[in-house]
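My questions all concern the structure below.
The values are calculated or read from the model by the stated rules, or taken from the named source; none is laboratory data. Everything numeric in this text was worked out from a predicted model, so none of it was measured. Cβ atoms come from the backbone with ideal geometry, glycine included; neighbour counts cover every protein chain shown. Ligands, DNA and RNA are excluded from the accessible area calculation, which covers all protein heavy atoms including side chains. Shrake-Rupley method; radii C 1.70, N 1.55, O 1.52, S 1.80 Å.
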Amino acid sequence: MNTKQIKAFGTEAADAALEPLAITRRAILPNDVEIDIEYCGVCHSDLHFARNDWGFSVYPVVPGHEIVGTVTQVGDKVTAYKVGDVVAVGCLVDSCRSCNNCKADLEQYCPEWVGTYGGHDKHLDMQTFGGYSESIVVDEHFVLRVPDNLDKAAIAPVLCAGITTWSPLRHWNVGKGTKVAVVGLGGLGHMAIKLADALGAEVTLLSRSPSKTKDAMDLGADHVVISTDESQMAEVQGVFDLIIDTVPYIHDINPYVGTLATNGTLVLVGYLGPLDPMLNSMPMIMGRKNVAGSLIGGIAETQELLDFCGEHGITSEIEMIRIQDINTAYERMLKSDVHYRFVIDMASLKP
């Protein structure tokens, strides 16, 4: 198979900094789209994967799955896109296409789904490399159309932070009359507030930080409850139909379960791993309350989200950086020192 070498930024080991690398991309196949990457959002998952926090990273790692750019070439069987189109690529670049999940537009739950980075490229028989790079080649099925009215840089985090919160909002039928709480105001949390508000829900931020109050209200929250204040938490016991917990590290979710209404659901979208302290089943059983998890969304659902954002003028709140500043950005991200999502101007890679 024909290939080419392109510039990228990645790491060769869990304890090494990200630095310039050369990676291999395949030449386009009949159903492929080649994209010149203009912007790439920085996700907490990028940091976890680069540092092998989940224990299955294969090096070298080139992160990045919030990709926006322009089509530069298409295969001869591509029908949905043409050269010059502004497009996006999220967390998925392939799946088996034939399992029940794929047939139901739930490619994110396909047993053979292929991540934009750290997956297995069946064409090159090697791992996939992400958006911290000059360009990417993707099957057209996994390419998304970006509405013309949206800022190309600010829409990038919607490809992960946005769809991670949109999918549970849609699955649990959030709309007018729904009471939604969001735990944590970061990259995921700020998108959850914006989207839940646009869907017509009554939105509450549950936060340990009173300093987040103004931002939350500006983003569309109707209320802010300080989760360390026992009196405030007592006032919202049995209130919420859906809680989206965006916290990316281990934490106690038991206080939040009590704030669910009967039949309510707390859905974890930020943290992967065992709960500590252990989940207390008593309030769940006594109120038919649920604790669930949710991944990203499938391709159709992600396109639905982009179209919704176009209709409502929704983008992420971002801070633009150069690729050369990515290691500093990672350290700042660990300290929650970002308002609310870093986006890399990939032009900084190309000189």
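When you scan segment 41-51, do you find a residue that is closer than 26 Å to residue 297 by Cβ, assigned to a loop (DSSP other than H, G, I, E, B) and without any contact (Cβ under 8 Å) to a residue 12 or more places away in the chain, even just one?
no
Of all residues in segment 37-86, which are in contact with an Asp or Glu (Cβ under 6 Å, 6 or more places away or on another chain), open to solvent by 40 Å² or more (accessible area, probe 1.4 Å) and under 15 Å from residue 144 (Cβ atoms)?
Selection gives 80 alone.
Mind checking which residues of segment 305-341 are in contact with a Lys or Arg (Cβ under 8 Å, 6 or more places away or on another chain), closer than 18 Å to residue 164 by Cα and either outside any helix (DSSP H, G or I) or open to solvent by 10 Å² or more (accessible area, probe 1.4 Å) (or both)?
Once the filter is applied, which keeps residues that are in contact with a Lys or Arg (Cβ under 8 Å, 6 or more places away or on another chain), closer than 18 Å to residue 164 by Cα and either outside any helix (DSSP H, G or I) or open to solvent by 10 Å² or more (accessible area, probe 1.4 Å) (or both), segment 305-341 yields 314, 316, 317, 318.
When you go through 189, 177, 118 one by one, which is the residue that is farther than 15 Å from residue 304 by Cβ, within 17 Å of the chain's Cα centre (by Cα) and part of a loop (DSSP other than H, G, I, E, B)?
118
Still on this model: Could you list, in sequence order, the residues of segment 1-44 that are under 26 Å from residue 81 (Cβ atoms) and out of contact with any strand residue (DSSP E or B) (no Cβ under 9 Å at 6 or more places or on another chain)?
Across segment 1-44, the qualifying residue is only 30.
Can you pull out every residue in segment 192-236 that is polar (S, T, N, Q) and either part of a helix (DSSP H, G or I) or crowded, with 17+ Cβ neighbours inside 10 Å (or both)?
Matches in segment 192-236: 204, 207, 211, 213, 227, 231, 232.
Return the total of residues in segment 254-275 being part of a strand (DSSP E or B), in contact with a Lys or Arg (Cβ under 8 Å, 6 or more places away or on another chain) and surrounded by 14 or more Cβ atoms within 10 Å (Cβ to Cβ).
To start, the set of residues in segment 254-275 that are part of a strand (DSSP E or B) comprises 260-268.
Now drop any that are not in contact with a Lys or Arg (Cβ under 8 Å, 6 or more places away or on another chain), which leaves 260-266.
Next cut, surrounded by 14 or more Cβ atoms within 10 Å (Cβ to Cβ) only: 260-261, 264-266.
The number of residues fulfilling the criteria is 5.
Pick from 146, 89: which is open to solvent by less than 40 Å² (accessible area, probe 1.4 Å), in contact with a Phe, Trp or Tyr (Cβ under 7 Å, 6 or more places away or on another chain) and either at pLDDT below 95 or of a type outside the set (D, E, K, R) (or both)?
Result: 89 is the single residue among 146, 89 that is open to solvent by less than 40 Å² (accessible area, probe 1.4 Å), in contact with a Phe, Trp or Tyr (Cβ under 7 Å, 6 or more places away or on another chain) and either at pLDDT below 95 or of a type outside the set (D, E, K, R) (or both).
Also, I was wondering about something else. Quick one: how many residues across segment 286-304 are closer than 23 Å to residue 230 by Cα and open to solvent by 50 Å² or more (accessible area, probe 1.4 Å)?
2
Of all residues in segment 237-253, how many are surrounded by fewer than 17 Cβ atoms within 10 Å (Cβ to Cβ) and more than 24 Å from the chain's Cα centre (by Cα)?
2
Another question about this same structure. Starting from segment 140-168, take each residue that is farther than 22 Å from residue 295 by Cα and list its partners that are in a helix (DSSP H, G or I) and among the acidic types (Asp, Glu), counting only C-beta distances under 7 angstrom and pairs at least six apart or across chains.
Every condition considered, the pairs that remain are 147/307.
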